[in-house]
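Here the structure comes first, spelled out in C-alpha cells, and everything after it is commentary.
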Amino acid sequence: MEKYLINPNQKISKIRKEIYGNFSEHLGRCIYEGMYVGEQSKIQNINGMRCDVVNALKEMGLPVLRWPGGCFADEYHWMDGIGPKENRKKMINTHWGGVIEDNSFGTHEFFELCRQIGCEPYICGNVGSGTVQEMSDWVQYITFEGISPMSELRKRNGREEPWKLKYFGIGNENWGCGGNMNAEFYADQFNRYNVYVRNYYPDRPIYRIAGGPNRDDYHWTEVLMQKCRSMNGLSLHCYTGTGNTALEFNEEQYYSTLKDCMLIDEIITRHSEIMNRYDPQKRIGLIVDEWGTWHRVEVGTNPGFLYQQSSMRDAIVAGLSLNIFNKHSDRVHMANIAQTINVLQSVALTDGEKMILTPTYYVFKMFKDHQENTLLGSYITSEKIGQNGNVPSLLESASLNENGDIVSTIVNTSATDSSEIHCQIADTNAICDIKSEILTGSIHAHNTFTETDNVKTVEFTDFTKITEGFKAKLPPCSVVKFIIKR
C-alpha cells in the first residue's frame, strides 16, 4: 500500500486559475468549424460562436484563451480582420495547410468569444513580420477609450467601449517560425516592441509575455532574464510525442509518451533555477503557453491541420502535466494546452453539427477545483514503472480552497495494475465528508461521434474514510479527484 501524505499547515503558493488555460490558433478546424461557424450557420450559434462548444468550455471552467497563434500570429496582420467581413482581405495560411484564410474571425469576434465563455483574452502579437507601429496600434485599438485614430476606427467598426486586455504576448517561437532569431537578437526586439505596448490605464496594466524558450533551451532563458527585466512573463513551449498516432500505439509506446511528458518537471525546474537568480521574488511568471501531446495526424486528414483523436493516454498526460504545474505554481503563472478544438490535444472535437468531449476535457473539468486554491505540501510513495522503470506509478497534487476543503488529484499511470493508497492528513481537524470522482478506461479508450460517452467522469466510491484520512484502491490508467471536507 502506497503512503500519501497531505500537510494542510504547509501552504506553498497560489494555484492561479490561468494554469488551466487553452490555446486557439488559425490552424485546421480549430477556429473555423470548431469555435466559429458564422451567424448564418444552421449550427446553433450566438453571433457566430458555436453554442455547444461555448457551453462546454464554460462548464470546464476555462479561465484564459490564447489567440491567434502560434506560428500564425507572426504572419497575422490584425487590420485585415476588422471592418465589414465582405471587405476583409483574404490570405494564404502558409504555415498550416496552405488554405485560404478569409479573416472573418478577427479581433471583434475573438473578444466576443471570450465574453461568451467568460474567460480572459490572451493575444499574441506579430514580431516576426509585423512592425512596432502595427503592434502599438492594435493595443490602442483594443484598450484606449479616448480620442485617437485607433479608438475612432474601433467605434466606426461597431465597438464604442474598449475591451479589457490583461495578457499580451510579444511574438511567438521567435527562435523558429517567429523569425529564426537568436536569443540576443530577440531580447533587443522585445525591449523595443515592449515600449509601445502602452498601459493606457494604471488600474488595468497589460501583463506582457516575452517569447521564451523551446523545451530545454536554457541559454534563451538566461539571455532574456539578463536583458528583458521589464517583462511580466516568459513563455515556454514543450510538447509530448513519440511519433505514433493517437490511437495506434502499444504499451511500450504508452510509457514512452509518459516518460516524455514527465520531462516537463525537470525542464520547469531548470528554467526556474535560472529565473530565480535574476528574480528571487518570482515577479516574472513562467508561462507554459503551448503544451500537450503531438501525435501523427489521423489517416485521411490534411497533414497541415494537425487533427488527432484523444484517448486515455492523453488524459493521463493531461493529469500528470496539470499536477506538475500545480506543484510549480510559485513560478508557473499560466499554461495553455494546444489546442482547444480539433487540433492536437483538444478538449473537444466537432464534425458538422456534432461535438464530442475528449478524455482530456474531463481532466480539465475535474481539476478546475484547484483554481485559485493554495498549494499544500504533499507526497506520495510511488514505484517506477515502464520499460526502463522511468515513469512514476502515481503522481499527485493537493490544494486548500477558501472554505478549508482539501482538493486532491491523483494519477495512476499503470496500464495494467491498480494501486492501493493510504492517505494521511497532518491535521487534527476531523474529516466531515469525502466526495470523489474518477476518469478511467483502457489506455486506448476514447470517445467517437457515434459513441460519445465511452470515457467520462463518474462517481468514485472505492475508498474508505478513516480518522486521519482515507484508504482507496485506484484502478489502472485513472485520474481521481478527492474533495475532503473538514
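The values are calculated or read from the model by the stated rules, or taken from the named source; none is laboratory data. Remember, it's a predicted structure, so these values are computed and weren't measured experimentally. All Cβ positions, glycine included, derive from the backbone under ideal geometry; neighbour counts span all protein chains shown.
Just one of Glu184, Glu109, Glu173 is of a type outside the set (A, V, I, L, M, F, W, C) and part of a loop (DSSP other than H, G, I, E, B); which is it?
Values: Glu184 fails: part of a loop (DSSP other than H, G, I, E, B); Glu109 fails: part of a loop (DSSP other than H, G, I, E, B).
Step by step, each of Glu184, Glu109, Glu173 is checked, and only Glu173 is of a type outside the set (A, V, I, L, M, F, W, C) and part of a loop (DSSP other than H, G, I, E, B).
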Taking Phe111, is it over 15 Å from Tyr32 (Cα atoms) and assigned by TED's automatic domain parsing to the domain that holds Asn336?
-> yes
Could you figure out which of (1) assigned to a loop (DSSP other than H, G, I, E, B); (2) under 30 Å from Glu25 (Cβ atoms); (3) touching a strand residue (DSSP E or B) at 6+ places or on another chain (Cβ under 8 Å) isn't true of Ser346?
-> (3)
Pairs, please: C-beta under 6 Å, at least 6 apart or cross-chain, first residue farther than 20 Å from Lys85 by Cα and in region 39-55, second part of a loop (DSSP other than H, G, I, E, B) and at pLDDT 95 or above?
-> Cys51/Gln44; Val53/Met35
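When residues of region 1-38 are filtered for being without any contact (Cβ under 8 Å) to a residue 60 or more places away in the chain and not hydrophobic (A, V, I, L, M, F, W, C), how many remain? Walk me through how you get there before you give the answer.
Initial filter on region 1-38 (without any contact (Cβ under 8 Å) to a residue 60 or more places away in the chain): 37.
If we keep only those that are not hydrophobic (A, V, I, L, M, F, W, C) too, we end up with none.
Going through region 1-38 one residue at a time, the tally reaches 0.
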Name the one entry in Met355, Met312 that is over 24 Å from Arg66 (Cα atoms) and assigned by TED's automatic domain parsing to the domain that holds His26.
-> Met312
May I ask you to verify whether Gly83 is touching a Leu at 6+ places or on another chain (Cβ under 8 Å) and in the same structural domain as Tyr186 (by TED's automatic domain parsing)?
-> no
Taking Asn55, is it surrounded by fewer than 20 Cβ atoms within 10 Å (Cβ to Cβ), out of contact with any Ser or Thr (no Cβ under 9 Å at 6 or more places or on another chain), under 23 Å from Gly292 (Cβ atoms) and polar (S, T, N, Q)?
-> yes
What is the residue count in region 152-163 for residues that are in contact with a strand residue (DSSP E or B) (Cβ under 8 Å, 6 or more places away or on another chain) and either of a type in the set (Lys, Arg) or not assigned by TED's automatic domain parsing to the domain that holds Asp137 (or both)?
-> 0
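Given the residues Glu273, Glu252, Glu248, which is the only one that is in the same structural domain as Pro303 (by TED's automatic domain parsing), not hydroxyl-bearing (Ser, Thr, Tyr) and not in a helix (DSSP H, G or I)?
Numbers: Glu273 fails: not in a helix (DSSP H, G or I); Glu252 fails: not in a helix (DSSP H, G or I).
Unique residue meeting the criteria: Glu248.
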Gln189 passes all but one of the listed conditions (1) in a helix (DSSP H, G or I); (2) surrounded by fewer than 17 Cβ atoms within 10 Å (Cβ to Cβ); the exception is number (2)
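Surrounded by 24 or more Cβ atoms within 10 Å (Cβ to Cβ), over 21 Å from Lys456 (Cβ atoms) and either without any contact (Cβ under 8 Å) to a residue 40 or more places away in the chain or touching a His at 6+ places or on another chain (Cβ under 7 Å) (or both): is that true of Asn326 in this structure?
Numbers: surrounded by 24 or more Cβ atoms within 10 Å (Cβ to Cβ): yes; over 21 Å from Lys456 (Cβ atoms): yes; either without any contact (Cβ under 8 Å) to a residue 40 or more places away in the chain or touching a His at 6+ places or on another chain (Cβ under 7 Å) (or both): yes.
For Asn326, the condition - surrounded by 24 or more Cβ atoms within 10 Å (Cβ to Cβ), over 21 Å from Lys456 (Cβ atoms) and either without any contact (Cβ under 8 Å) to a residue 40 or more places away in the chain or touching a His at 6+ places or on another chain (Cβ under 7 Å) (or both) - is met.
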Inspect all residues belonging to region 269-276 and state whether any of them is more than 26 Å from Asn388 (Cβ to Cβ), of a type in the set (Val, Ile, Thr) and buried (at least 22 other Cβ atoms within 10 Å of the Cβ).
-> no
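So if I check each of Ile123, Ile142, Ile92, which one is aliphatic (A, V, I, L, M), crowded, with 22+ Cβ neighbours inside 10 Å and within 30 Å of Asn182 (Cβ to Cβ)? Working first, answer last.
Working: Ile142 fails: within 30 Å of Asn182 (Cβ to Cβ); Ile92 fails: crowded, with 22+ Cβ neighbours inside 10 Å.
From the options Ile123, Ile142, Ile92, the qualifying one is Ile123.
Quick one: which strands (runs of 3 or more DSSP E) lie wholly within region 349-444 and hold at least 1 residues that are touching a Leu at 6+ places or on another chain (Cβ under 8 Å) and not hydrophobic (A, V, I, L, M, F, W, C)? Talk me through it step by step, then tell me what you get.
Values: elements: 354-357, 374-380, 394-400, 406-412, 419-425, 433-440.
Correct list: 374-380, 394-400, 406-412, 419-425.
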Just one of Glu134, Glu184, Glu173, Glu152 is crowded, with 20+ Cβ neighbours inside 10 Å and of a type in the set (D, E, K, R); which is it?
-> Glu173
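Considering each of Ile380, Ile443, Ile385, Ile410 in turn, give the residue that is of a type in the set (Val, Ile, Thr), under 29 Å from Gly304 (Cβ atoms) and in contact (Cβ under 8 Å) with a residue 24 or more places away in the chain. Quick ask: steps written out before the conclusion?
Values: Ile380 fails: under 29 Å from Gly304 (Cβ atoms); Ile385 fails: under 29 Å from Gly304 (Cβ atoms); Ile410 fails: under 29 Å from Gly304 (Cβ atoms).
The unique qualifying residue is Ile443.
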Check Leu376 against each of (1) more than 16 Å from the chain's Cα centre (by Cα); (2) modelled with pLDDT of 95 or more; (3) aliphatic (A, V, I, L, M); (4) more than 24 Å from Ala398 (Cα to Cα) and name the one condition it does not meet.
-> (4)
